[in-house]
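In what follows, a structure is listed as structure tokens, so that the remarks can point back to it.
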Amino acid sequence: MFTPLAGILDQIEDAGLELVEMVLADAASWDRYEATKWGTADRWVRAHQVDPDAQMVRERTARERHAYLTYGRRYLGWGVFVIR
């Protein structure tokens, strides 16, 4: 489970630091990031169909896409925190 933002702030302040800036990803940003990976893999596989790794890339992409849409989408998130 992820630490809520208030908990992250507590950890920063407990360390004697100050949060001065942050950037958080939203669901649309994550979807765009994930979908871009799928599209890149698809284009690579189409351009390298005889490559010995093509089938592995295709299968891995399918697994990762399924996992993201089934499980990961509601839990994944990231943030960049500037602390001093």
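Of the residues ALA28, ALA35, which single one is modelled with pLDDT of 95 or more and among the small types (Gly, Ala, Ser)?
Working: ALA28 fails: modelled with pLDDT of 95 or more.
None of the others qualify; the one that does is ALA35.
Take LEU9 and decide whether it is modelled with pLDDT of 95 or more and over 13 Å from the mean Cα position of the chain (by Cα). Before you say what the answer is, go through the steps one by one.
Values: modelled with pLDDT of 95 or more: yes; over 13 Å from the mean Cα position of the chain (by Cα): yes.
In short, yes.
Got a sec? Which of VAL57, VAL23 is at pLDDT 90 or above and touching a helix residue (DSSP H, G or I) at 6+ places or on another chain (Cβ under 6 Å)? Outline the logic, then answer.
Values: VAL23 fails: touching a helix residue (DSSP H, G or I) at 6+ places or on another chain (Cβ under 6 Å).
Of VAL57, VAL23, the one residue that is at pLDDT 90 or above and touching a helix residue (DSSP H, G or I) at 6+ places or on another chain (Cβ under 6 Å) is VAL57.
Listed residues LEU76, LEU9, LEU69; which is in contact (Cβ under 8 Å) with a residue 24 or more places away in the chain and of a type outside the set (Val, Ile, Thr)?
Working: LEU9 fails: in contact (Cβ under 8 Å) with a residue 24 or more places away in the chain; LEU69 fails: in contact (Cβ under 8 Å) with a residue 24 or more places away in the chain.
Criteria check complete, one pass: LEU76.
What number of residues within the range 16-44 are free of Cβ contacts under 8 Å to residues at least 24 places away in the same chain and not polar (S, T, N, Q)?
Step one: list which residues in the range 16-44 are free of Cβ contacts under 8 Å to residues at least 24 places away in the same chain, which gives 16, 26, 28-29, 32-33, 35-36, 39-44.
From what is left, the residues that are not polar (S, T, N, Q) are 16, 26, 28, 32-33, 35, 39, 41-44.
Adding up the residues that qualify gives 11.
So, in the range 26-79, how many residues would count as being among the aliphatic types (A, V, I, L, M) and within 30 Å of ILE8 (Cβ to Cβ)?
At the first step, the residues of the range 26-79 found to be among the aliphatic types (A, V, I, L, M) are 27-28, 35, 41, 45, 47, 50, 54, 56-57, 62, 67, 69, 76.
Now restrict to residues that are within 30 Å of ILE8 (Cβ to Cβ): 27-28, 35, 67, 69, 76.
Here the count works out to 6.
The values are calculated or read from the model by the stated rules, or taken from the named source; none is laboratory data. Fair warning: this is a prediction, and the values are worked out from it, not measured in the lab. Don't worry about glycine lacking a Cβ; one is built from the backbone with ideal geometry, like all the others, and counts go over all protein chains shown.
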